Every structure is written in C-alpha cells, then in structure tokens.
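Everything below concerns the one structure shown next.
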Amino acid sequence: MEHIHFFHGDTQVLNNVTCRFSPGRFYAVLGPNGSGKTTLLDLMCGFRIPEKGRVLLGNDPVASLTRRRVAQTIALVSQSYEINFPFLVKEVVMMGRHPHIDRFSRPSHADLCAVQQAMEMTGITHLGNRYITELSGGEKQRCVFARALCQDTPVLLLDEAFSSMDIHHSFHLLGLVKKAVQEDKKTVIAVLHDINLAAGFSHEMVFLKNGQITAMGKTDAVLTQDTIQTVFNVRSKVEYNAYVQAIQAYFKPE
Amino acid sequence: MFSSIPAAIPRGKTGFLVVLFSLLLLGSILVSLSMGYMKIPIQDIPKIVLGKLVGGGHDQSSMRATYETVLVDIRLPRILTCAAVGAALAVSGVLFQGILLNPLADPYTLGVSAGAAFGASIAIVLNLSSTLVSIPGFAFAGACATLFFVLFLSYSPGSPGGGLSSSNLILSGIIVAAILSAGLSFLKFIADEQVSVIIFWLMGSFASKTWPQFLLVAGVLLVGLLVAVFYARDLNLVSMGDRSAASLGVDVKKVTLILLVTGSMLAAVCVSISGIIGFVGLLVPHMMRFLTGPDNRKLLPISMLTGAVLLLWADTITRAVLPHEIPIGVLTALIGGPVFCWIFKKSRM
C-alpha cells in the first residue's frame with residue numbers, strides 16, 4: 001500500500017484512465033505510438049497536471065509534493081537524452097544523487113558508494129572519465145540508467161530505456177531491475193516496444209490505445225492474440241515457450 | 001574502493017584558479033591605472049589611491065594633486081565599471097548557455113540588447129539626452145520590457161517546463177529582436193542629425209564613467225552572482241534537459257525563470273551603462289569551459305574573473321594604447337569574432 005497511483009484523466013491524450021501500481025511488481029506499459037504512454041509517466045512524475053482526476057503517490061497527491069520529494073521517490077529514465085555539455089560520465093551519474101544532497105554540501109561517502117555501485121551494475125565504470133557527449137546512444141542510455149539507479153528510489157519509471165541498447169545490456173539491466181523488484185520490493189513501470197521482452201520480465205501488463213486502457217492485469221492473463229489484435233492490429237500467436245520460460249508472441253506478416 | 005572516483009568537486013584546482021585570476025585582475029587594474037595619456041609610475045598608484053580614498057592628503061604638490069584627480073576621479077571609476085561589466089556579462093553568458101542548453105547562446109539571445117538599443121534610441125530621438133539619467137533609464141526599461149514580452153511569448157502553462165524550453169525562448173527572442181531592429185532602423189531614419197549619437201551609443205563606451213555607475217553595476221553583479229551560485233547545481237541539471245532535471249528533483253520552471261531574469265537583468269544593466277558590448281558573454285564562458293568543464297559551480301567564478309580581465313584589457317587598449325579611442329563594442333567584436341571562429345573550427349576537428 002505504499003505507492004499507489006490513481007489516475008483519472010480526462011484529456012484527449014488520456015481518457016478516463018484509472019490504474020494502481022503496487023510495490024514489488026514489474027509493470028510493462030505497451031501500446032502503439034501516440035497512445036499516451038509517455039503522458040502516463042509524465043502524470044506520475046507530476047510533470048503534467050491532469051485536467052480532471054488526481055494522481056496519488058502513497059496517500060499524497062503528487063501535485064502537493066515538492067519536486068525534490070518526488071525525486072526521492074520516483075526516478076525516471078527518459079526517452080530523450082540529448083546532452084550538449086561535455087560533462088564527465090561520473091559527473092552525470094552523480095547527478096542522480098541530487099535529491100539526496102543538500103544545497104552547498106559535498107557528496108558524502110554513501111553518495112560516492114552509490115555512484116560507484118550504479119556504474120558497476122550498468123557496466124560503465126570504464127567510461128567514468130569520458131565525456132558524455134562522446135558516447136554512443138546505447139552507452140549514453142546506460143549512463144542515464146545508472147543515474148536513475150543511484151537515485152535509489154522505491155519507484156523506477158523506464159520510458160523506452162532500452163531503445164538504443166544491445167540485447168546483452170538490455171537483458172542484463174532488465175534482470176537487474178527485476179531482481180530489485182523481487183528483493184527490495186521496488187515498483188518498476190516500463191514503457192516497452194518489444195512485446196516479448198516485456199513478456200519475459202513483467203509481472204503485469206498495461207495496454208494503452210488512444211488514451212484508454214484496453215487491457216490490464218497479470219501478464220499471462222492479458223497477453224493474448226485478441227489483445228494484440230485489438231491494440232496493435234497485428235495477427236499473432238501467443239504461447240508458452242519452454243526455452244524462454246515465459247509466454248511469447250509470434251507475429252505473422254499480413 | 002574510491003580510488004577510481006575522485007571527489008566530484010576537486011576544489012583545490014578551482015580554488016587555485018580563482019586566486020590566480022583574482023591576482024591577475026588586481027594586477028591588470030594596477031597596470032591599466034598607470035597607462036594613459038598621462039603616465040603614472042605604477043609603484044606610486046596604491047599610495048595615491050589609498051591616500052585619496054582614506055582622506056589623508058598630506059602631500060599637496062600640484063603634480064600629486066593632478067595624479068590624484070586623474071586616478072581617482074577619471075581612471076578608477078572607468079576601469080572598475082569596465083571590469084564589473086565584463087564580469088556581469090560573463091556571468092550572464094554562463095546562465096544563458098546553461099538554461100538554453102546551448103554552449104553558443106549569449107546574454108543577448110533573448111533580445112535584451114535589441115530592447116535596450118531601441119529604448120536608448122527613443123530617448124535620443126526625443127532629445128531627452130540632456131538629462132543624464134534618461135538614456136540608460138530608457139535602455140534599461142527597453143531591455144526589461146523586451147525580456148518580459150519574450151517570456152510571455154514563450155510561456156505556456158500546460159507543458160512540463162512551463163513552456164520555457166530552449167527552442168521556445170530562442171525563437172521568441174529572435175522574433176522580438178527582429179521586430180525591434182526594424183524599429184531601430186526606423187528611428188535612425190527619422191533621427192536626422194541625431195543618428196550619429198545613436199550609432200555611437202550602440203557601439204558602446206566606458207568613457208566618462210562615474211562612481212555611481214560603478215556602484216550600480218557592482219551591486220547588480222553581486223546580487224546576480226549570489227543568485228547564480230545559489231542555483232548553480234540546479235543549473236547543471238537544467239543544462240541536461242527539462243525532463244531529466246525535473247525527474248532529479250529540480251523545479252525547472254522556477255529555476256529557469258529566476259535565472260533567466262537574473263541573467264537578463266545583469267545584461268540589461270550592462271547595456272544601459274555602457275552600450276552593446278558583444279562577444280564577452282559568448283566567448284568567455286565558452287573558453288573557460290575548456291578549463292573548468294561544464295560544472296557551473298566552477299564555471300561561474302572563473303568566467304566572472306576572466307570576463308573582467310578581458311574587457312578591462314580591451315578597454316585599456318582602446319583608451320591608452322591606440323592613437324585614437326575606438327568604440328569598445330567594435331573592438332570586442334573585432335577581437336572576439338576571429339577568436340570565436342578559431343575556437344569553433346578547432347573544437348569540431
């Protein structure tokens with residue numbers, strides 16, 4: 001009951017959306033382009049205020065909390081990560097500690113530890129002294145991911161955080177996140193485009209289409225041929241795959 | 001365990017640079033004081049200036065009295081005003097480059113200079129220049145009006161950063177500056193013989209600056225610097241983009257607005273005191289970033305000192321070295337432009 005989010009939007013982007021996210025669960029948000037996935041995450045962070053309805057974080061409306069307080073609870077790995085200034089990678093990761101460090105005080109031992117650990121976990125320790133502007137898209141995404149990890153929040157939002165990463169790093173980081181969900185009771189809400197990746201890691205799925213929730217529930221229950229047909233308008237076959245140890249979807253070109 | 005991660009802020013190096021550049025500034029002020037139409041031995045300067053300021057004038061020889069007048073009433077206010085303007089423009093440049101996510105932005109990006117120029121030209125055309133305050137006053141009013149119009153134009157309450165995104169701000173600034181520059185051309189067209197006054201004002205000068213003017217710039221610089229340093233770490237995050245800054249706990253709308261107003265006020269006061277002086281606000285933060293990195297906590301103090309030293313030398317050259325004083329704005333553009341081209345080309349090879 002710690003992190004309940006309650007939505008009741010009535011804008012064009014999100015139409016009467018109500019959902020609740022609980023700790024210790026990995027949620028995948030899926031839907032076609034422009035279905036309101038990013039807006040959903042924006043609402044959760046309090047970047048946008050719904051025209052109707054409210055967003056609750058625990059028992060408090062997100063809008064009533066300071067940005068700093070929200071940042072201590074929710075970390076976001078966002079889709080865009082264009083950076084124009086040549087910060088060092090380790091400086092970028094250190095920025096994740098921003099909500100935990102008081103103005104004018106220096107990073108503590110614990111802050112440095114968290115940075116070090118996040119960089120090791122994402123495999124960017126060797127990039128520490130490189131300029132962020134020199135890195136490839138996938139490496140930048142891993143830096144931003146490390147920054148969100150060392151923000152050390154109970155809730156982690158991933159907005160297509162793996163779009164430029166190779167399969168090895170995607171799997172590694174998703175595994176890491178899944179472990180944090182199971183062991184530390186974190187809440188992870190990930191917008192993903194790869195349905196099978198989502199099926200392999202998520203506990204629950206939320207399907208969005210035209211700003212409305214089409215299906216929502218346990219992954220095994222909601223990921224069906226019918227759902228995929230309705231949401232994406234693609235013909236598919238969904239079955240349990242023993243090798244992946246999860247249900248997977250196979251698509252047929254029209 | 002931490003050997004691979006040195007402290008995030010190696011203050012030793014920044015502290016050393018601050019001391020070094022402060023000494024350089026002090027030395028430049030002394031050397032600049034001694035230079036000019038009347039050469040004054042550099043070793044006598046501290047004695048004369050301190051003697052005059054403290055008020056103990058024992059030595060009443062006529063030569064000494066002249067030196068005193070030249071130093072304390074003429075050169076010192078000009079030199080200090082110039083250094084303060086250089087510092088303020090550099091600080092303003094750091095703020096704008098950070099907020100607009102663009103290492104090539106400058107204090108005039110939001111049209112502050114165009115607004116000031118327009119305001120000053122109205123004062124000149126209406127022949128208000130007889131009362132001393134009016135041209136700077138009009139320039140300042142023009143700059144402020146422009147700033148708030150640009151903010152109004154780019155503001156949209158619905159979006160995450162309040163609509164104060166870099167592209168919105170830059171576009172609004174360009175549009176407003178374009179309108180104002182057309183207005184300025186029109187004023188020049190109807191100004192008749194006053195047109196030369198407008199042109200000279202636009203090119204900038206530190207000639208005949210007074211103590212009150214220095215105190216004004218210095219006061220604004222102090223306040224601006226304090227605000228900037230207070231929000232320096234937030235500015236670091238803002239310079240990474242709205243969404244990431246907001247997700248890391250920065251109130252982007254508030255910080256952006258406060259720093260934009262601070263930067264623009266710094267620029268507006270500078271422009272109204274000394275005319276439009278380009279390239280200091282663009283070039284100094286850009287060059288210093290090679291030295292300190294993009295961390296604004298280090299960049300701000302270093303840029304401030306460098307801006308002061310560089311503009312002081314530019315003014316000293318036009319005042320004491322060149323046979324005929326040329327407008328400072330022209331000189332900074334003539335020196336700064338090519339330097340900028342060189343850095344720009346070099347940085348992308």
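Laboratory data are not the source of any read-out in this text; all were calculated from the coordinates shown. Here the structure is a predicted model, which is why all the values come from computation and not from measurement. Cβ placement follows ideal geometry from the backbone for every residue including glycine, while neighbour counts extend to all protein chains displayed.
Each label was represented as a point 7 Å from its Cα along the Cα-to-Cβ direction; for residue B:222 and residue A:16 these points are 6.2 nm apart. Computed over the alpha-carbon pairs of the protein assembly as shown, the distance histogram in 10 Å steps reads 3, 15, 22, 20, 15, 11, 7, 4, 1, 0, 0 percent, short to long. Each principal axis of the Cα cloud of the stretch A:101-254 was taken in turn, and the coordinate range along them, longest first, works out to 56, 33, 31 Å.
Rounded to the nearest 20 debye, the dipole magnitude of the protein assembly as shown is 620 debye, with +1 charges on Lys and Arg beta carbons, -1 on Asp and Glu beta carbons, and the Cα centre as origin.
In order along the stretch A:136-146, the phi-based Karplus estimate (6.51 cos²θ - 1.76 cosθ + 1.60, θ = phi - 60°) of 3J(HN,Hα) comes to 6, x, x, 5, 4, 4, 5, 5, 5, 5, 4 Hz; Gly and Pro are listed as x. Each principal axis of the Cα cloud of the stretch A:60-160 was taken in turn, and the coordinate range along them, longest first, works out to 40, 32, 24 Å. When each of the peptides B:181-189, B:259-267, A:84-92 is scored by the mean number of other C-beta atoms lying within 10 Å of its residues, the order from highest to lowest reads B:259-267, A:84-92, B:181-189. A cut-off of 5 Å between modelled amide H atoms, ignoring neighbours fewer than 5 places along the same chain, links residue A:215 with A:207.
Counting Cβ atoms of other protein chains within 10 Å of each Cβ in B:246-257 and taking the mean gives 6. Sorting the segments B:138-148, B:205-215 by their residues' average number of neighbouring beta-carbon atoms within 10 angstrom, most packed first, yields B:138-148, B:205-215.
For the residue pairs A:90/B:253; A:37/A:218; A:179/A:209; B:39/B:209, the C-alpha atoms sit more than 23 angstrom apart in A:90/B:253; A:179/A:209.
Mean-square fluctuation check for chain A, GNM, Cα pairs under 10 Å: which of A:221, A:114, A:190 is largest? Result for chain A, Cα springs under 10 Å: A:221 fluctuates most. If you find the alpha carbon centre of the stretch A:182-254 and of the stretch A:38-95, how far apart are they in angstrom? So the separation of the two Cα centres works out to 25 Å.
With a 10 Å cut-off around each Cβ of A:98-108, the average count of Cβ atoms from other chains is 3. Counts of other chain beta carbons within 10 angstrom of each beta carbon in peptide B:236-244 average 6. Just name one of A:175, A:153, A:214: the one whose Cα is farthest towards the positive end of the charge dipole of the stretch A:26-251 (beta-carbon charges, Lys/Arg +1, Asp/Glu -1). Final value for the positive-end residue is A:153.
Of all DSSP bridge pairs formed entirely within the stretch A:26-251, close to 45 percent run antiparallel. Computed over the stretch B:79-347, the convex hull of the alpha-carbon atoms projects to a mean area of 14.0 nm². R0 = 56 Å: FRET efficiency of residue B:38 with residue B:193, Cβ-based, nearest 0.05? Once rounded, the FRET efficiency stands at 0.95. So for the pair residue B:215, residue A:245, with labels modelled 7 Å out along Cα→Cβ, what separation do we get in nm? Using points 7 Å along Cα→Cβ, the separation is 7.8 nm. Highest-first packing order for the peptide set A:205-218, B:283-296 is B:283-296, A:205-218, based on the mean count of other beta carbon atoms within 10 Å.
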